[in-house]
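The values are calculated or read from the model by the stated rules, or taken from the named source; none is laboratory data. Small disclaimer: the values here were computed from a predicted structure and weren't measured. Note that each Cβ is placed from the backbone with ideal geometry, even for glycine, and that neighbours are counted across all protein chains shown.
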Amino acid sequence: MIRKLIEKIDYLSGFLVFQSLAGGTGSGFGTHLVEAVKTHNPKVNMINVSIWPYSTGEVILQNYNSILTTSRLIENSDGVISLYNDEEIAL
């Protein structure tokens with residue numbers, strides 16, 4: 001589906017992917033999708049915005065998911081931007 005959309009576009013500068021690192025679809029399928037798109041489109045920029053889980057824990061395996069996902073994203077992305085759930089934003 002992504003390949004068909006890319007073929008219809010006149011100019012593609014890159015992808016901006018948002019995903020969670022704690023577990024589930026964001027860390028597993030999201031990372032697989034990034035790898036597949038980068039493999040088939042190596043010259044296209046790939047930037048990932050990764051949301052780190054709460055330090056107190058939401059998912060039992062979130063620490064392993066976060067580390068494994070981050071290592072794969074670093075290998076397959078041109079940039080990884082990390083956002084942390086624990087940080088408070090002052091408005």
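Per-residue answers, yes or no, for (1) over 17 Å from LEU83 (Cβ atoms); (2) over 12 Å from the mean Cα position of the chain (by Cα):
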{"position": "LYS8", "(1), (2)": "yes, yes"}
{"position": "TYR11", "(1), (2)": "yes, yes"}
{"position": "LEU21", "(1), (2)": "no, no"}
{"position": "GLU35", "(1), (2)": "yes, no"}
{"position": "ASN41", "(1), (2)": "yes, yes"}
{"position": "TYR54", "(1), (2)": "no, yes"}
{"position": "LEU61", "(1), (2)": "yes, yes"}
{"position": "TYR64", "(1), (2)": "yes, yes"}
{"position": "ILE67", "(1), (2)": "no, yes"}
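Taking the range 9-20 as the search range and keeping residues that are more than 16 Å from THR69 (Cα to Cα) and at pLDDT 90 or above, which one is surrounded by the most Cβ atoms within 10 Å (Cβ to Cβ)? Result: PHE15. With the condition kept exactly as written, say whether any residue in the range 26-33 is among the aliphatic types (A, V, I, L, M) and at pLDDT 85 or above. Scanning the range 26-33, I find at least one residue that is among the aliphatic types (A, V, I, L, M) and at pLDDT 85 or above, so the answer is yes. Taking the conditions (1) part of a loop (DSSP other than H, G, I, E, B); (2) touching a Ser or Thr at 6+ places or on another chain (Cβ under 9 Å); (3) among the aliphatic types (A, V, I, L, M) in turn, VAL34 satisfies each one other than (1). Once the range 14-39 is narrowed to residues that are touching a helix residue (DSSP H, G or I) at 6+ places or on another chain (Cβ under 9 Å) and among the aromatic types (Phe, Trp, Tyr), the residue that is farthest from GLN62 (Cα to Cα) is PHE15.
Does GLY23 qualify as being surrounded by 16 or more Cβ atoms within 10 Å (Cβ to Cβ) and part of a loop (DSSP other than H, G, I, E, B)? In short, yes. The number of residues in the range 37-58 that are at pLDDT below 85, surrounded by 14 or more Cβ atoms within 10 Å (Cβ to Cβ) and assigned to a loop (DSSP other than H, G, I, E, B) comes to 1.
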